[in-house]
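Structure, as structure tokens:
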Amino acid sequence: GAYAEDEDAFEFARAGCRDDFRSVEVDIMDLADDITYAIHDVEDFYKAGLIPLELFARDEQGKEIDDFLEYTYEEWKGKDLLEELDFSHNKKVEVKKAVRVRINSLTKSLPMNRFKGLPEQIAIFSGNFTNRLLNNWFSKIKLLDDSKPKSSKVTFKWLEVPLEVRMEIEVLKSLT
């Protein structure tokens, strides 16, 4: 894809390519966009007090969490993400439970109290959330070559993204 004003440059760059071909650079950029927006949007919303991550960190029950789980299920269902994330045969309650486990895992090292903008809270969030996620995800994502089989569970043609990583990215995107 390209913006209308870039159509000539896009056509020049794609000259001679098959219409169904995606380059490795496209896959890397798509995944990088997903990761960047997922992490930084959650960080911005959390710091603004709009996402109560401390509720998940404390593993609480309640309407906010139930609403989030319901919203996430419906959103994923509407975007056909249930199949991509290997949940196509699961019941709603099982999907919501799996999302709950992922969000609890993502937030387990966060402070248990509401974000107040304190420097130590910022440091904990950056180190225990952002850096931990990036290091974890990047250690699991693999660049494929043509000799490796492409799993039906791979989101990108040239990249092997484990379901766990893909799901965590989607959970964060759903939070915002």
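The values are calculated or read from the model by the stated rules, or taken from the named source; none is laboratory data. Predicted, not measured: the structure shown is a model, and the values here were computed from it. So basically every Cβ, Gly included, is an ideal-geometry build from the backbone, and we count neighbours across all protein chains shown. With ligands, DNA and RNA removed, areas are computed over all heavy atoms of the protein, side chains included. Shrake-Rupley method; radii C 1.70, N 1.55, O 1.52, S 1.80 Å.
Some observations on this one:
- Entry remark, segment 110-124: residues being more than 15 Å from L55 (Cβ to Cβ) and out of contact with any Pro (no Cβ under 7 Å at 6 or more places or on another chain) number 7 in total.
- Residue that is modelled with pLDDT of 85 or more, of a type in the set (D, E, K, R) and closer than 30 Å to F21 by Cα, where the choices are E170, E70: E170
- Segments classed as helices (runs of 4 or more DSSP H), wholly inside segment 1-98, with at least 1 members that are more than 24 Å from R132 (Cα to Cα): 7-14, 24-47, 63-78, 81-84
- A Cβ distance below 7 Å, combined with a sequence gap of six or more or placement on separate chains, defines the contacts here; from segment 80-106, residues that are on the phi > 0 side of the Ramachandran plot reach residues that are open to solvent by 30 Å² or more (accessible area, probe 1.4 Å) and outside any loop (DSSP other than H, G, I, E, B) in the pairs D86/L163.
- The condition of being farther than 28 Å from G117 by Cα, within 18 Å of the chain's Cα centre (by Cα) and surrounded by 12 or more Cβ atoms within 10 Å (Cβ to Cβ) holds for only one of I51, I28, that being I28.
- Within the span defined as segment 106-118, every residue fails to be open to solvent by 30 Å² or more (accessible area, probe 1.4 Å), part of a helix (DSSP H, G or I), over 12 Å from V165 (Cβ atoms) and not basic (K, R).
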